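A.B. asks: Take this structure, written in structure tokens, and hold onto it; I'll ask about it next.
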Amino acid sequence: MLETIQEYDYWAAVVNTLELTLWGALWALVLGTVLAIMRLSPVRVLQWAGAAYVTIVRNTPLTMIVVAANLIIWTQLKINLADPQSSTYIVDNGMRLGILAVAVYHAAFVCEALRAGVNTIPLGQAEAARSLGMTFPQSLTQVILPQAFRGAITPLGNALIALTKNTTVVVAIGVAQVSHAMRRMIEFRPDLLFQIFGLVALTFVAITLPMGLVTGWAAKKWAVQR
Amino acid sequence: MNDTHVPAEGGLGKPLVVLTDVNKHFGDLHVLKDINLTVREGEVVVVIGPSGSGKSTLCRTINRLETFESGSITIHGTPLPEEGKELAKLRADVGMVFQGFHLFHHKTILDNVTLGPIKVRKMERKVAEEKAMALLKRVGVAEQAHKYPAQLSGGQQQRVAIARSLAMDPVVMLFDEPTSALDPEMINEVLDVMTQLAKSGMTMIVVTHEMGFARRAADRVVFMADGAIVEENTPEEFFTNPQSDRAKDFLGKILTH
């Protein structure tokens with residue numbers, strides 16, 4: 001079993017999974033926050049655009065978004081996310097397309113988690129900010145979002161755990177991460193089927209379990225006392 | 001109207017807040033009916049009336065937390081702007097104290113009081129903090145400066161809320177039932193701060209059920225019922241010699257026991 005793990009570069013695949021998770025989560029957080037601001041803004045068009053994005057993306061299978069990113073951005077539009085002269089071009093480009101797809105998809109869930117966080121804030125907080133003469137961006141950055149993030153730690157943690165596991169879907173465009181390594185290992189070593197499944201399951205538990213524990217602890221520590 | 005009125009600092013100030021024929025509906029409900037009200041500089045106006053009479057709505061309309069459909073509201077002669085930067089600028093000059101305090105729960109008491117001056121008035125942090133400490137001292141909660149709102153009693157929180165508004169150097173202060181959410185033993189500590197403020201010459205519009213405060217601190221009492229101003233007079237005249245049946249009925253209900 002150990003030999004197989006080494007032979008199929010399993011640890012390199014785990015590193016790639018972690019990389020997909022980290023960058024996917026960061027971009028999802030940025031994009032999701034922008035979407036949440038759009039949905040909270042007083043501008044109708046922005047509200048509508050934010051709602052449309054969330055509704056469409058949240059109800060589209062991730063596999064389709066991953067494949068679409070590959071076919072549309074790379075094959076059709078020929079937009080390179082990595083340097084074509086580089087020796088690792090194909091690998092880097094695939095990785096970044098994967099990150100993009102994962103971020104685009106989970107941004108919708110981040111947006112909704114943040115909106116749930118906003119709903120924990122009494123209306124009076126925004127009224128108090130406005131009555132002090134704060135503009136919309138000021139009340140957003142000083143009063144609403146800081147409290148929304150703190151109220152949304154648990155749902156954001158759930159979105160992060162889902163994102164981590166969903167990175168396996170980028171196998172659809174051949175990005176070498178855990179599910180990709182798993183497929184190759186099973187293909188060539190079917191005699192180790194149960195061990196391989198067990199290994200992959202343990203890998204994800206090892207990554208996501210701490211996430212759940214940390215966010216649970218953080219949600220308590222940073223809960224806004226009312 | 002109201003020739004007998006004498007403002008706190010003697011002599012009539014210039015008109016500061018002027019409402020002319022203000023109307024507002026909540027759906028089918030006509031909550032503000034042709035409201036005409038002039039509040040002069042340095043004047044303390046107490047608005048009283050039964051629940052649902054529109055007095056809180058009136059208060060919230062003055063800094064446009066509520067919109068209105070017709071009529072006009074001017075502050076220092078400037079009409080209330082629509083939503084946006086101009087309105088934010090005007091709100092910075094109009095202090096507001098809420099029934100539910102609404103201190104920023106994620107910030108310390110000191111940060112609650114300095115936030116407006118630093119972000120809206122672009123005041124230096126050090127200057128803002130000195131000013132905030134002086135105000136917190138004035139309302140008697142300076143020792144709590146580094147605690148969070150949830151660690152304070154209701155009365156203390158409301159006094160901080162008053163300090164937070166005062167930190168913006170408002171031209172007028174609006175109080176929307178500031179003691180209605182407080183336990184009885186905390187009401188006076190808040191009313192004392194408000195009475196001091198009234199004596200210092202601050203222009204105030206106070207929606208309250210505290211008749212003692214109205215008698216003690218008001219220059220004028222405005223009585224509202226069913227969305228309209230029914231009667232206005234000096235507290236002395238209003239409480240001893242109400243003219244309208246609605247006011248007589250209201251006073252009869254609250255003053256008999």
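The values are calculated or read from the model by the stated rules, or taken from the named source; none is laboratory data. It should be emphasised that the depicted structure is a prediction, and the values quoted were computed from it without experimental measurement. Please note: Cβ atoms are built from the backbone with ideal geometry, for glycine as well, and neighbour counts cover all protein chains shown. These accessible areas exclude ligands, DNA and RNA; they are computed on the full protein's heavy atoms, side chains included. Shrake-Rupley method; radii C 1.70, N 1.55, O 1.52, S 1.80 Å.
A.B. asks: With viscosity set to 0.890 mPa s at 25 °C, what whole-number translational diffusion coefficient in µm²/s follows for the range B:98-257 from Stokes-Einstein and a Kirkwood radius over Cα pairs? The partial results should precede the final answer.
C.D. replies: Details: Rh = 16.9 Å.
Using the Kirkwood radius from Cα pairs, D works out to 145 µm²/s.
A.B. asks: For the range A:139-156 and the range B:124-172, compute the distance between their C-alpha centroids and round to whole Å.
C.D. replies: So the two Cα centres are separated by 24 Å.
A.B. asks: Test of the criteria: in the range A:43-81, which trypsin sites (Lys or Arg not before Pro) are in a DSSP loop and have at most 16 other Cβ atoms within 10 angstrom of their Cβ? Mind showing how you got there, number by number?
C.D. replies: On the way: sites: A:R44, A:R58, A:K78; in loops: A:K78.
Loop-located and lightly packed - A:K78.
A.B. asks: Which of the GluC sites (Glu not before Pro) found in the range B:22-115 are in a DSSP loop and have at most 12 neighbouring Cβ atoms, other than their own, within 10 Å?
C.D. replies: Those satisfying the criteria are B:E69, B:E82, B:E83.
A.B. asks: How far apart, in nm, are two points set 7 Å out from the Cα along the Cα-to-Cβ line at A:E187 and at A:A49?
C.D. replies: 4.2
A.B. asks: Give me the residues in the range A:207-226 whose solvent-accessible area, probe 1.4 Å, is reduced by at least 10 Å² once all protein chains are included instead of the chain isolated.
C.D. replies: Checking the loss per residue gives A:V224, A:Q225, A:R226.
A.B. asks: Counting only other chains, and only Cβ atoms inside 10 Å, what mean value do you get across the residues of B:106-117? If you can, show how the numbers build up before the last one.
C.D. replies: Details: counts 13, 5, 0, 0, 0, 1, 2, 0, 0, 7, 8, 1.
Counting other chains' Cβ atoms within 10 Å and averaging over B:106-117 gives 3.
A.B. asks: Filter the cross-link list B:K137/B:K253; B:K14/B:K55; B:K89/B:K137 down to pairs whose alpha-carbon distance in this structure exceeds 29 Å. Present the calculation step by step, with values, prior to reporting the outcome.
C.D. replies: On the way: B:K137/B:K253 39 Å; B:K14/B:K55 24 Å; B:K89/B:K137 27 Å.
Pairs exceeding 29 Å: B:K137/B:K253.
A.B. asks: Using a 10 Å cut-off on Cβ atoms, rank the peptides B:158-165, A:199-206 from the highest mean neighbour count down. Numbers along the way, then the final one.
C.D. replies: Values: B:158-165: 27.0, A:199-206: 14.2.
For the peptides B:158-165, A:199-206, the packing ranking is B:158-165, A:199-206.
A.B. asks: Can I ask one more? Run through every distinct alpha carbon pair of the range B:158-223 and return the Kirkwood hydrodynamic radius in angstroms, one decimal place.
C.D. replies: For the range B:158-223, inverting the mean 1/r across all distinct Cα pairs yields 12.2 Å.
A.B. asks: Setting aside same-chain residues fewer than 8 positions from B:K85, which lysines have a Cα under 24 Å from its Cα?
C.D. replies: B:K85 reaches B:K24, B:K119, B:K122.
A.B. asks: Could you work out which residue, out of A:V54, A:V15, A:V66, moves most in a Gaussian network model of chain A, that is, has the largest mean-square fluctuation with Cα springs under 10 Å?
C.D. replies: Largest GNM mean-square fluctuation: A:V15.
A.B. asks: Averaging the inverse of every distinct alpha carbon separation and then flipping it gives the Kirkwood radius. What is it for the protein assembly as shown, in angstrom units?
C.D. replies: Values: mean 1/r = 0.0380 Å⁻¹.
It is 26.3 Å.
A.B. asks: Let me ask another. What does the helix-only formula give at 222 nm for chain A: each DSSP H stretch with n ≥ 4 adding -39500 (n - 2.57), the total divided by the residues, and the result rounded to the nearest 500 deg cm²/dmol?
C.D. replies: Value at 222 nm, helices only, nearest 500: -23500 deg cm²/dmol.
A.B. asks: Additional query: Where does the charge balance sit around A:Q125 when Lys and Arg score +1, Asp and Glu -1, over other residues with C-beta under 13 Å from its C-beta?
C.D. replies: Result for the neighbourhood of A:Q125: +4.
A.B. asks: Would you mind checking the tilt of helix B:245-255 against the longest principal axis of the Cα atoms of chain B, expressed as 0 to 90 degrees and rounded to 10?
C.D. replies: 50
A.B. asks: Only helices at least 18 Å long along their axis, Cα-based, and averaging -0.5 or more on Kyte-Doolittle count here, so list those DSSP H runs from chain A. Let's see the in-between values first.
C.D. replies: Numbers: long enough: A:10-40 (43 Å, 1.43); A:44-58 (21 Å, 0.70); A:89-119 (44 Å, 0.95); A:153-166 (19 Å, 0.69); A:193-221 (42 Å, 1.41).
Helices passing the filter in chain A: A:10-40, A:44-58, A:89-119, A:153-166, A:193-221.
A.B. asks: Continuing with this model, one more query. Ignoring any ligand, DNA or RNA, what whole percent of the accessible area of the range B:5-152 comes from carbon and sulfur when the probe is 1.4 angstrom? Before the final figure, lay out each step's value.
C.D. replies: Values: 3350 of 6580 Å².
Roughly 51 percent, rounded to a whole number.
A.B. asks: Right, something else. Expressed as an acute angle from 0 to 90° and rounded to the nearest 10, what is the orientation of the C-alpha long axis of helix B:184-199 relative to the principal long axis of chain B?
C.D. replies: Its long axis makes an angle of about 90 degrees.
A.B. asks: Could you order the peptides A:80-88, B:215-223 from most to least packed, using the average number of other C-beta atoms within 10 Å per residue?
C.D. replies: Working: A:80-88: 11.4, B:215-223: 22.0.
Highest mean packing first, the order is B:215-223, A:80-88.
A.B. asks: How large is the helix-only mean residue ellipticity at 222 nm for chain B, computed as the sum of -39500 (n - 2.57) over DSSP H runs with n ≥ 4, divided by its residue count, in deg cm²/dmol to the nearest 500? Don't skip to the end; give the middle numbers.
C.D. replies: On the way: 9 runs with 95 residues, N = 257.
One gets -11000 deg cm²/dmol as the mean residue ellipticity at 222 nm.
A.B. asks: Of A:N158, A:N70, A:N119, which has the largest mean-square fluctuation in a 10 Å C-alpha GNM of chain A?
C.D. replies: Fluctuation is largest for A:N119.
A.B. asks: For the range B:32-131, what mean projected area does the convex hull of the alpha carbons give, in nm²?
C.D. replies: On the way: hull surface 33.0 nm².
Directional mean of the projected Cα hull area for the range B:32-131 stands at 8.2 nm².
A.B. asks: Can you find, among A:M134, A:A82, A:Q195, the residue farthest towards the positive end of the dipole of the range A:2-221? Put +1 on the C-beta of Lys and Arg, -1 on that of Asp and Glu.
C.D. replies: Towards the positive end, the residue furthest out is A:M134.
A.B. asks: Would you report the distance distribution of C-alpha pairs in the range B:106-159 as whole percents per 10 angstrom bin, up to the bin with the largest distance?
C.D. replies: Over the range B:106-159, the share of Cα pairs per 10 Å bin runs 27, 55, 18, 0 percent.
A.B. asks: Can you give the local net charge around A:P190? Use residues other than it whose beta-carbon is closer than 14 angstrom to its beta-carbon, Lys and Arg +1, Asp and Glu -1.
C.D. replies: Values: positive: A:R183, A:R184, A:R189; negative: A:E187, A:D191.
That sum, taken over residues with Cβ under 14 Å, equals +1.
A.B. asks: Using a 10 Å cut-off around each Cβ of peptide B:96-103, what is the average number of partner chain Cβ atoms that fall inside?
C.D. replies: Numbers: counts 5, 2, 4, 1, 6, 2, 10, 4.
So the per-residue partner count for this stretch is 4.
A.B. asks: Excluding ligands, DNA and RNA, what is the solvent-accessible area per residue of the range A:2-221 at a probe of 1.4 Å, expressed in Å²?
C.D. replies: With all protein chains present, the range A:2-221 gives 51 Å² per residue.
A.B. asks: Next question. Let me know the mean shielding of A:133-141 by other chains, meaning the per-residue number of their Cβ atoms within 10 Å of its Cβ. Write down the numbers at each step before the final one.
C.D. replies: Details: counts 16, 7, 8, 4, 0, 5, 2, 0, 1.
Counting Cβ atoms of other protein chains within 10 Å of each residue's Cβ and averaging gives 5.
A.B. asks: Continuing with this model, one more query. Highest mean first, how do A:25-33, B:247-255 rank when packing is the count of other Cβ atoms within 10 Å averaged over residues? Mind showing how you got there, number by number?
C.D. replies: Values: A:25-33: 19.0, B:247-255: 14.0.
Ranked from most to least packed, the peptides come out as A:25-33, B:247-255.
A.B. asks: How compact is the range B:183-253 by the rule of thumb for globular proteins, expressed as Cα Rg over 2.2 N^0.38 Å? Write down the numbers at each step before the final one.
C.D. replies: Details: Rg = 12.9 Å, N = 71, 2.2 N^0.38 = 11.1 Å.
For the range B:183-253, the normalised Cα radius of gyration is 1.16.
A.B. asks: Also: Given the convex hull of the Cα atoms of chain A, what is a quarter of its surface area in nm²? Intermediate results must be reported in sequence, preceding the final value.
C.D. replies: Values: hull surface 60.1 nm².
Mean orientational projected area (chain A, Cα hull): 15.0 nm².
A.B. asks: Tally Lys/Arg at +1 and Asp/Glu at -1 over every other residue whose Cβ is under 11 Å from the Cβ of A:Y89; what's the total?
C.D. replies: On the way: positive: A:R96; negative: A:D83, A:D92.
Charge balance near A:Y89 sits at -1.
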